Amino acid sequence: MRGALRILHVLHSFPPYSRGGTERYVGELARAQVARGDDASVLHAVEAPEFAGAALDARAAIDARAAIDARAAIDARAAIDARAAIDAHAAIDAHAAIDAHAAVDEARVDGLRVLRVPAAPPLGGRALVDPALPGRRELLAALFARERADLVHVHHLHGLDLKLVSLARAAGSATVVSLHDHFASCARFFRVPASLEPCPDDQSRANCARCLERDAPGQFALLEGLLAERERVLHAELAAAGARLAVSPSQRRMLDAIPALRGLEFATVELPWAAVPPLSAARAPRGGVDLSIATWGGLVPGKGLAVLVEACALLPDPSRVDVHHYGDALDRAHADACRAAARGFRLELHGRFESAELALIAARHDLAVFPSLYVETHGYTVDEALGLGMPVLVSDRGAPPARIGARGAAFAAGDAVALSKLLRELVEQPRRLAALRAGAHAPPVTLAAHLARLDAVYARARALSASRPPA
């Protein structure tokens, strides 16, 4: 039996500032480790306006148009280092502005010790791609040295530093990196550009630079060069980690296919399924429709609500269904567009909800639909719906289809006609809906099983760390 470990989980954000899937997982994991005797803490970034030690408004102090003035920063006639040029002409040295307040803030969050540092300013998108950007590095190096963790488990780099693994190793800590999204190969996290069509595995660096140029107009040459450096640094950082973890088999296959990550070995440690509240309510009447549909999560275009709305509008009699979305409208223009497209049926956008309400949501509705256009690496909402006994329809991108089994069906992502066909079948054939409700889904991954897998990974990472000098 292994002894207690001092573990530091590091990620981009954490409650109460955000409550996404990665934040939820890290909180549950760290609390489980503490409960069994480990000393587990969380370190995360906080945007400057929310940081307890910051006395400035980062949105005013870090204006991308001032920090990166394309006309001043890059003279097309000059064959100079673009990064040096942009630094020399920066109207606002955002890092100097924020460093005056760069103390580490410590708090207790749901029983966990949580350390918070101010996030690296975005600088018009440069923080997504520039591994040489100064700011958090000295602060993080000192923090890692002070914490003296046996193991640093990195869950995300955004807002912190692309060289977190090197910083942790220099402090004598073993390292493990979990790749919860596609940030290792995409500075926009999802490998799905504005077109909402997934990028090919061998996406060119030039196309990536064009995608990022939306945040830094006129900066193509700079961004393309920084992307090359970002690829080099991230490959080296991942190679230096004691273990690199994919969170689903589908993500592992995708990582293995990306040329920029060639030569790296990834292990799959599937995430534990989301815990759901007990079903405390009987199924409620459907309010006069034949099929009441629920979906939940952040409301952004990539989650595909517009596809579901179009699919319902295509039904021979749309009034036989209604659609209910639960979750923050993170893109209000998209929310308005979905409302406008809901022709002939009722669409309700309920806004923010608490996890404890999921049992009531499941009782009110017949079917859960998650029409994501992203290549989901896991998808906790699918776990929740399955755990609550709901039939589930999902798009065919990423990890969710492998988990639904006979409890649901998958359709081509973005194909409203295909989704409408499935919905029509369920409206017109109630027995089909009942059969899905009775169907078996994939066996859930329990938190206990996940911890056991991680223990083995941690042991190997610590043994590797002991066998080689710090970075």
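Miscellaneous remarks
For every residue, the table says whether it meets (1) surrounded by 24 or more Cβ atoms within 10 Å (Cβ to Cβ); (2) under 14 Å from TYR326 (Cα atoms); (3) touching a residue at least 24 places away in the same chain (Cβ under 8 Å).
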{"residue": "LEU360", "(1), (2), (3)": "no, yes, yes"}
{"residue": "ARG364", "(1), (2), (3)": "no, yes, yes"}
{"residue": "VAL369", "(1), (2), (3)": "yes, yes, yes"}
{"residue": "TYR374", "(1), (2), (3)": "no, no, yes"}
{"residue": "ASP383", "(1), (2), (3)": "no, no, yes"}
{"residue": "LEU388", "(1), (2), (3)": "no, no, yes"}
{"residue": "VAL392", "(1), (2), (3)": "yes, no, yes"}
{"residue": "SER395", "(1), (2), (3)": "yes, no, yes"}
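- Total residues in the stretch 318-334, condition touching a helix residue (DSSP H, G or I) at 6+ places or on another chain (Cβ under 9 Å) and within 9 Å of PHE345 (Cβ to Cβ): 5
- Being assigned to a helix (DSSP H, G or I), of a type in the set (Val, Ile, Thr), modelled with pLDDT of 95 or more and under 21 Å from the mean Cα position of the chain (by Cα) is a property that does not hold for VAL177.
- Counted residues, the stretch 436-453 - those being surrounded by 12 or more Cβ atoms within 10 Å (Cβ to Cβ) and in contact with a helix residue (DSSP H, G or I) (Cβ under 8 Å, 6 or more places away or on another chain): 9
Listed here are the residues, each with its yes/no results for (1) among the aliphatic types (A, V, I, L, M); (2) modelled with pLDDT of 95 or more; (3) under 17 Å from LEU308 (Cβ atoms).
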site	(1), (2), (3)
HIS334	no, yes, yes
LEU347	yes, yes, yes
VAL369	yes, yes, yes
LEU386	yes, yes, no
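- Matching strands (runs of 3 or more DSSP E) fully within the stretch 342-435 where at least 1 residues are among the β-branched types (Val, Ile, Thr): 367-370, 392-395
- A search for C-beta distances below 6 Å between a residue of the stretch 282-293 that is of a type in the set (A, V, I, L, M, F, W, C) and any residue that is part of a loop (DSSP other than H, G, I, E, B) and modelled with pLDDT of 85 or more, counting only pairs 6+ apart in sequence or on different chains, returns LEU291/ASP366.
- Check on ALA440, of a type outside the set (Val, Ile, Thr), under 23 Å from the mean Cα position of the chain (by Cα) and farther than 23 Å from ALA174 by Cα: no
- Of all residues in the stretch 412-453, those satisfying the criterion of being within 30 Å of GLY27 (Cα to Cα) and of a type outside the set (A, V, I, L, M) are HIS441, PRO443, PRO444, THR446, HIS450, ARG453.
- Residue in the stretch 1-49 that is surrounded by the most Cβ atoms within 10 Å (Cβ to Cβ), counting only those that are among the charged types (D, E, K, R) and closer than 20 Å to ALA171 by Cα: ASP38
- Qualifying residue in the stretch 317-327 (condition: part of a loop (DSSP other than H, G, I, E, B), hydrophobic (A, V, I, L, M, F, W, C), surrounded by 19 or more Cβ atoms within 10 Å (Cβ to Cβ) and out of contact with any His (no Cβ under 6 Å at 6 or more places or on another chain)): no
The values are calculated or read from the model by the stated rules, or taken from the named source; none is laboratory data. Given the structure is predicted, the values throughout are model-derived calculations rather than measurements. Because the Cβ atoms are built from the backbone with ideal geometry, glycine has one as well, and the counts that use them run over all protein chains shown.
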